[in-house]
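Participant: Provided herewith is a single structure, encoded as structure tokens, for subsequent inquiry.
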Amino acid sequence: MSEMIEPAAEREVPCAGLRIGDVAPDFSARSTTGDVRLSDYRGRWLILFSHPADFTPVCTTEFVALAGSADEFERRDCALLALSVDSLFSHFAWLRLIRDRYDIEVRFPIVEDPTLVIGRAYGMVAPHDNDSATVRTTFFIDPAGVIRAMTCYPANVGRSTPEMLRTLDALQAVDDGPVLAPANWVPGEALLVQPDASLDSVFSAKGHTDWFMKEVKRGSRK
Ligand code: BEZ
């Protein structure tokens with residue numbers, strides 16, 4: 001199991017600088033569905049994401065969209081775990097408002113991170129921002145607990161749920177074999193073969209691009 005996050009003051013690291021391939025730092029925290037521990041998600045995919053603040057317009061649209069696609073994430077065996085600096089009771093009040101106003105229940109957990117100890121460890125806090133809020137950071141974490149992709153959007157631009165699902169589909173597809181997902185790939189379309197980087201394959205190829213550009217069609221697992 002990975003090391004638990006320590007308070008920032010002890011680590012003296014304002015922003016962790018996590019990268020693809022790193023093991024996601026473990027933490028435990030209070031959430032809207034009870035206490036959660038990151039390492040408890042091992043064995044399934046996890047999208048850990050931060051938002052700047054409860055009761056804000058763009059964040060509200062994101063949560064409505066994600067809750068509306070909850071079945072799609074579930075079908076891909078992927079849990080959602082949200083986080084912001086707001087208190088648990090703020091989260092509760094916001095989720096109630098979302099339910100009453102948009103007729104949708106956000107059932108995935110939202111972590112409270114009042115000291116930003118998790119947000120800072122994950123680099124979710126923009127270092128030059130004066131207000132200590134998290135930006136829209138998204139971590140795609142695989143069943144082994146490894147960060148496989150991450151995105152960072154500013155407070156004034158909401159994330160795309162279809163693109164989050166597409167990224168997850170692509171990550172799962174490349175894990176099913178030595179294949180690559182091309183631009184704009186969606187399940188059902190051809191993937192690319194990992195090129196055989198040898199001079200023999202370069203010179204024996206029939207066309208100019210045949211040695212590095214080969215498509216492969218595979219049945220969708222969705
Ligand atoms: C929003 O979600 O609308 C938002 C949050 C923080 C700053 C600006 C906008």
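Participant: Helices (runs of 4 or more DSSP H) wholly in the stretch 82-195 with at least 2 residues that are among the acidic types (Asp, Glu) and surrounded by fewer than 16 Cβ atoms within 10 Å (Cβ to Cβ) - which ones?
Facilitator: Counting at least 2 such residues, we get 161-175.
Participant: Assess whether residue 47 counts as being more than 16 Å from the ligand (Cβ to nearest atom) and in contact with a Cys (Cβ under 8 Å, 6 or more places away or on another chain).
Facilitator: On the way: more than 16 Å from the ligand (Cβ to nearest atom): yes; in contact with a Cys (Cβ under 8 Å, 6 or more places away or on another chain): yes.
Yes, satisfied.
Participant: Then there is this: Cβ contacts < 7 Å: first residue closer than 13 Å to residue 82 by Cα and outside any loop (DSSP other than H, G, I, E, B), restricted to the stretch 44-69; second residue within 9 Å of the ligand (Cβ to nearest atom) and at pLDDT 95 or above, any location; separation 6+ or different chain. Result?
Facilitator: 50/136; 59/51; 59/52; 59/53; 62/51; 62/158
Participant: Can you name every residue in the stretch 169-210 that is under 23 Å from residue 73 (Cβ atoms) and of a type in the set (S, T, N, Q)?
Facilitator: Selection gives 172, 184.
Participant: Has the stretch 203-212 got any residue that is touching a residue at least 24 places away in the same chain (Cβ under 8 Å) and over 19 Å from the mean Cα position of the chain (by Cα)? Quick ask: steps written out before the conclusion?
Facilitator: Going residue by residue through the stretch 203-212, those that are touching a residue at least 24 places away in the same chain (Cβ under 8 Å) are none.
Looking through the stretch 203-212, none of the residues is touching a residue at least 24 places away in the same chain (Cβ under 8 Å) and over 19 Å from the mean Cα position of the chain (by Cα).
Participant: Also: Is it true that residue 105 is under 20 Å from residue 139 (Cβ atoms) and either away from the ligand (no atom under 16 Å from the Cβ) or hydroxyl-bearing (Ser, Thr, Tyr) (or both)?
Facilitator: Values: under 20 Å from residue 139 (Cβ atoms): no; either away from the ligand (no atom under 16 Å from the Cβ) or hydroxyl-bearing (Ser, Thr, Tyr) (or both): yes.
So residue 105 fails the test.
Participant: With the condition kept exactly as written, say whether any residue in the stretch 143-156 is under 19 Å from the mean Cα position of the chain (by Cα), of a type in the set (Gly, Ala, Ser), farther than 22 Å from residue 211 by Cβ and within 16 Å of the ligand (Cβ to nearest atom).
Facilitator: First, the residues of the stretch 143-156 that are under 19 Å from the mean Cα position of the chain (by Cα): 143-156.
From the residues that got through so far, the ones that are of a type in the set (Gly, Ala, Ser) too are 144-145, 149, 155.
From what is left, the residues that are farther than 22 Å from residue 211 by Cβ are 144-145, 149, 155.
Then keep just the ones that are within 16 Å of the ligand (Cβ to nearest atom); that gives 155.
Yes, the stretch 143-156 contains at least one residue that is under 19 Å from the mean Cα position of the chain (by Cα), of a type in the set (Gly, Ala, Ser), farther than 22 Å from residue 211 by Cβ and within 16 Å of the ligand (Cβ to nearest atom).
Participant: Right, something else. Of all residues in the stretch 71-91, which are away from the ligand (no atom under 12 Å from the Cβ) and of a type outside the set (A, V, I, L, M, F, W, C)?
Facilitator: Applying the first criterion (away from the ligand (no atom under 12 Å from the Cβ)) to the stretch 71-91 yields 71-83, 87-91.
Across the stretch 71-91, the qualifying residues are 71, 72, 74, 75, 76, 77, 87, 90, 91.
For every residue, the table says whether it meets (1) more than 16 Å from the ligand (Cβ to nearest atom); (2) hydroxyl-bearing (Ser, Thr, Tyr).
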residue: 158; (1), (2): no, no
residue: 161; (1), (2): no, yes
residue: 171; (1), (2): yes, no
residue: 179; (1), (2): yes, no
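Participant: In addition: So which residues in the stretch 23-40 are closer than 16 Å to residue 120 by Cα, part of a loop (DSSP other than H, G, I, E, B) and of a type outside the set (A, V, I, L, M, F, W, C), if there are any at all?
Facilitator: Selection gives 25 alone.
Participant: Looking at the stretch 63-70, is at least one residue of a type in the set (Gly, Ala, Ser), within 16 Å of the ligand (Cβ to nearest atom) and under 16 Å from the mean Cα position of the chain (by Cα)?
Facilitator: Residues of the stretch 63-70 that are of a type in the set (Gly, Ala, Ser), as a first pass: 65, 67-70.
Retained after the next criterion (residues that are within 16 Å of the ligand (Cβ to nearest atom)): 65, 67.
Retained after the next criterion (residues that are under 16 Å from the mean Cα position of the chain (by Cα)): 65, 67.
Within the stretch 63-70, one or more residues are of a type in the set (Gly, Ala, Ser), within 16 Å of the ligand (Cβ to nearest atom) and under 16 Å from the mean Cα position of the chain (by Cα).
The values are calculated or read from the model by the stated rules, or taken from the named source; none is laboratory data. Here the structure is a predicted model, which is why all the values come from computation and not from measurement. Neighbour counts are summed over all protein chains in view; Cβ atoms, including those assigned to glycine, are modelled from backbone coordinates with ideal geometry.
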